[in-house]
Amino acid sequence: MSTVETDRPQARYALGHSPEEYDRLRTQARVWEGATGRLLDRVGLAPGANCLDAGCGPGETMRLMAERAGPAGRVLGIDTDAQLGAMALAALHEAGHRQCSFHAQDLTAGEPIPGAPFDLVYARLLLFHLPQRAAVLVRLWDAVAPGGHLLVQDYDLRGISVLPALDSVGELGRVITSVFDAVGADVHTGARLPQLFAQAGIGSPDGTDVAGRLEPLATGRALLERTFRSVLPVALAHGITTSAGATGTLAAIDRDAARFADCPMGWPLLIGAWKRKEPA
Ligand SMILES: C[S@@+](CC[C@H](N)C(=O)[O-])C[C@H]1O[C@@H](n2cnc3c(N)ncnc32)[C@H](O)[C@@H]1O
């Protein structure tokens, strides 16, 4: 078994399903809208295309696909979280994107993916969470139509940094990374995408892309702090931190964000890889 794949079942989806986490996902999706839209345009999403967003979460990328595929296209979102999917679909329909639909499904289970084959199969920040990431990638590739594309974007958390280095940011990063390690996620999935494509029998990607974001600590801290709050129940359950430790860390980042407000903070890198399937 390679270092990038285990058959350990996902212990738990570490980010949870709270309204605060749903809101964090929407905010995060808006931050990466340009980086994702650029790659959708790069692979060329034609009007009328049949698209899948695997692990669609709040459906923000489904909207980007619907805008490009137009009313004659079809956009299916799949996610284990039926509640979030229902909210995503209601918002998309409200905005006029009636070509969108949602299906609740665990992509690590063996059921066939409905609606396949697709002109585009897309997954952002999904494989990161799945210990069976190469096996899921095989299934996603199988769902691509001849001549269609697989496009994946995922994080490498090594992008998280602040200048000067601060203990408060280091501790937030330690807790977040330890939680993901504990549940079988891979915090370097983005960087490993070419290896994962090879492991899944897809071959080398046709292209890769690296997107980053730099913000002053005063605002950039929000992503880290909100992620920390989302993973905190798992961190406490695994003894990665304590309630008192978490309270102290949040107070420390408050102090540092005031004192070092304009210090540059890097977000995780969002790394993309894509591959076109040979036409029939
Ligand atoms: C970090 S969110 C990313 C959401 C969205 N792709 C985005 O970038 O905005 C990961 C999503 O994957 C979903 N997910 C986790 N495990 C899954 C599985 N085994 N099958 C399908 N979806 C899953 C979660 O419910 C969550 O909505």
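The values are calculated or read from the model by the stated rules, or taken from the named source; none is laboratory data. The model shown is predicted, which means the values in this text are computed figures rather than measured ones. Glycine also receives a Cβ, built like all others from the backbone with ideal geometry; neighbour counts cover every protein chain displayed. Note: areas computed on protein heavy atoms with side chains; ligands, DNA, RNA excluded. Shrake-Rupley method; radii C 1.70, N 1.55, O 1.52, S 1.80 Å.
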Need one value: the accessible area of residue 100 in square angstrom, 1.4 angstrom probe, rounded to the nearest 10.
10 Å²
Using 1/(1 + (r/R0)^6) with R0 = 35 angstrom and r between the beta carbons of residue 242 and residue 82, what's the FRET efficiency to the nearest 0.05?
0.55
Report, in deg cm²/dmol and to the nearest 500, the calculated mean residue ellipticity at 222 nm for the chain, where each DSSP H run with n ≥ 4 adds -39500 (n - 2.57) and the sum is divided by the residue count.
-13500 deg cm²/dmol
Compute the helix-to-body angle for 19-31: its Cα long axis versus the longest principal axis of the chain, expressed 0 to 90° and rounded to tens.
70 degrees
So, over other residues within a Cβ distance under 13 Å of residue 167, counting Lys, Arg +1 and Asp, Glu -1, the net charge is +1
Taking only Cα atoms, what is the 0 to 90° angle, nearest 10, from helix 60-69's long axis to the longest principal axis of the chain?
30 degrees
What whole-number distance in Å separates the alpha-carbon centres of the range 149-200 and the range 8-64?
17 Å
Where does the range 1-146 land on Rg(C-alpha)/(2.2 N^0.38 Å)?
1.01
Sorted peptide list for 45-52, 208-215, criterion being average Cβ within 10 angstrom, highest first:
45-52, 208-215
With each label point set 7 Å from Cα along the Cα-Cβ vector, what nm distance links residue 258 and residue 111?
5.1 nm
Sort the range 152-276 into rounded, prolate or oblate with this rule: let a ≥ b ≥ c be the square roots of the eigenvalues of the Cα gyration tensor; rounded if a/c is under 1.5, and if a/c is not under 1.5, prolate when a/b is larger than b/c, oblate otherwise.
oblate
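Tally Lys and Arg at +1 and Asp and Glu at -1 over the other residues with C-beta under 13 Å from the C-beta of residue 277: what net charge comes out?
-2
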Cβ-defined net charge surrounding residue 49, 13 Å radius [Lys, Arg +1; Asp, Glu -1]:
-2
Taking Cα atoms, the helix 133-142 axis meets the longest principal axis of the chain at an angle in degrees (rounded to 10) of 20 degrees
Test of understanding: what is the full-extension gain from residue 31 to residue 17, defined as 0.36 nm times their sequence separation minus their Cα-Cα distance?
3.0 nm
